[in-house]
Amino acid sequence: NTFILNDKTDETISAAHPSIMETEDQKTQLTAVATPVPPNKDEAPLQYGKVVPVEYQHMPEAVKLVWNDAFFDKDETSGIVAVFDFDYVQMEQFRTSVAVAHQAGIVGGAMLYSSILLLPTGWIGCASGALGVAALYGLSLQPCLLTNQVRWKVRANHVAVTRDGIRFVQDQRKTCWGWSMCDKGKSSKTVPFDKITDCDIEEPAGNECLCIPRVLMQVNVDTASSGGGSSKRHELTISGLKEPHKFKALVWAMKRANEGVNRGYNAPQVVEMTERKLESQGGNTGSDVAGLLTDIRDELRRNNALLQKMQNSSDNVEANKVAQQTSEASVAAANAAFKAVEEPTTFKAVEEPTGTSREIV
C-alpha cells in the first residue's frame, strides 16, 4: 500500500482513530496520520525494466515497450531497439509435458516390441524384455535430467529488434547429462527488414501428442527465399513470446521506417564513409570531403536536369502522337464529308400507287 502523510487536527485524528487518542500526551505527540491511498482501477500497473532508446521513442509501436531480459545489455554494437521477453515458465511446462509424452511413447513402444520378440519364450521372457528396456531407460538418467534439459534449451532463447532487423540468439547451453563436453555453442540469426515479406502470428489451437493443449503463441517470419504461403518452411519461427502482437507491430514499423530511409539520400552515411576512406589514405579530411561533396552535388544536378529533359521529350512525343492521331481522324472525317457532298446519291426506282415508277437522283 502507498501512504500519504497529511497534517491533521486533533479532532480529525481522534474521530478517525479513537483508539490511539487515549491520553493527552499521545495527542500532543501525534502531528500527522498515514492514510492508505486506494489504487486506481483504471490505471495500468507499473512495470519495471528496460525501455526503448530515446532515438526510437517517437515511434508509437515502441514507446511503451518494457523488458527485463539483460542478455543484450553487453552488446553495444548491434543497435538494439527493443528486446522481447519469453514466457519461460509457460514454455518449460508445455515442452516438459510434450517431452514426457514423447519419451513415454518411445519407451512403451520399445517395451512392447521386446515383449513380442520374446513371446515364444513365455511370459517370463516377455516380462524380462520389457523390464530390460525400462532398466536401460532408467540407467540413462533421462527421467531425472528431462526437466533440466528442457530448461537449458528454453532459457537460452533471446530475441531483439535491432536497427537492421530481427536478431534471434540461442546462447551457449548444456545438453544431455550437463557435462561440459556436451555443451552446445551459441548460435544467432538475423533477418534484415528489407528481406522480410511476411511477419504473422499463429495462435495456439488443438492438442500436442493427442492430450496436451497447445498454449504457446508462435511468430512466423518469411522472406522471399523461405517460401511462405502454403509452404511449412519459415525463415524464422519464434515461440513463447509474452507480447507477440507488439513484436509484430514493431517489426512492421521498423520495416516501413527503413524503407523510407533507403528511398532518400543518406548524406551522413556518405560523409562518414568518405571520412574513413580519406583517413585511411592519409588525406586532408575537411577540404577533401567538401570537394567530394561538391562534385556529388554537381553530378546529381546534372542527372536531375537530364532526367527532366528526358521526361519533357517523352511528354512531347506522346503529345505529338495524340495530335497526329487527332489530325488524321479529322482529315478522314472531312474527306468523307466532302465526298458525300460532291457525289450524287442515287436511289432505286420506287413504284407509286398508280403503278408508274420514276428514278430519283
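Using the Cβ atoms and a cut-off under 10 Å, what net charge is assigned to the surroundings of Ala249, where Lys and Arg are +1 and Asp and Glu are -1? All intermediate terms of the calculation are to be shown ahead of the outcome.
Details: positive: Lys246, Lys248; negative: Glu61, Glu243.
My count for the surroundings of Ala249 gives 0.
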With the contact rule set at Cα under 8 Å and sequence spacing of 6 or more, what percent relative contact order holds for the stretch 128-258? 17
Of Lys255/Lys309; Lys74/Lys153; Lys195/Lys246; Lys184/Lys255; Lys64/Lys184, which ones are farther than 29 Å apart at the Cα? Lys255/Lys309; Lys184/Lys255; Lys64/Lys184
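Find, among the trypsin sites (Lys or Arg not before Pro) in the stretch 120-163, those assigned to loop by DSSP (not H, G, I, E, B) with at most 11 other beta-carbon atoms within 10 angstrom.
none
Suppose R0 equals 56 Å; then what is the FRET efficiency for Thr190 and Ser128 from their Cβ-Cβ distance, rounded to the nearest 0.05?
E between Thr190 and Ser128, to the nearest 0.05, is 0.55.
Which of the chymotrypsin sites (Phe, Trp or Tyr not before Pro) found in the stretch 152-184 are loop residues per DSSP with 15 or fewer other Cβ atoms within 10 Å of their Cβ? Walk me through the numbers on the way to the answer.
Numbers: sites: Trp152, Phe168, Trp177, Trp179; in loops: Trp177, Trp179.
Of the chymotrypsin sites (Phe, Trp or Tyr not before Pro), the ones in loops of the stretch 152-184 whose Cβ has at most 15 other Cβ atoms within 10 Å are Trp177, Trp179.
Rounded to the nearest percent, how much of the accessible area of the stretch 80-237 (1.4 Å probe, protein heavy atoms only) is carbon and sulfur? Write down the numbers at each step before the final one.
Values: 5380 of 8950 Å².
Answer for the stretch 80-237: carbon and sulfur cover 60 percent of the accessible area.
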For the stretch 147-251, what is the accessible area per residue in Å² when the probe is 1.4 Å? 54
Solvent-accessible area of Thr121, probe 1.4 Å, all protein chains present, reported in Å² to the nearest ten, please. 90
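The values are calculated or read from the model by the stated rules, or taken from the named source; none is laboratory data. All of these numbers come straight from a predicted model, not from anything done at the bench. Cβ: placed from backbone, ideal geometry, glycine included. Neighbour counts: every protein chain shown. Keep in mind that these areas ignore ligands, DNA and RNA; they rest on the heavy atoms of the full protein, side chains included. Shrake-Rupley method; radii C 1.70, N 1.55, O 1.52, S 1.80 Å.
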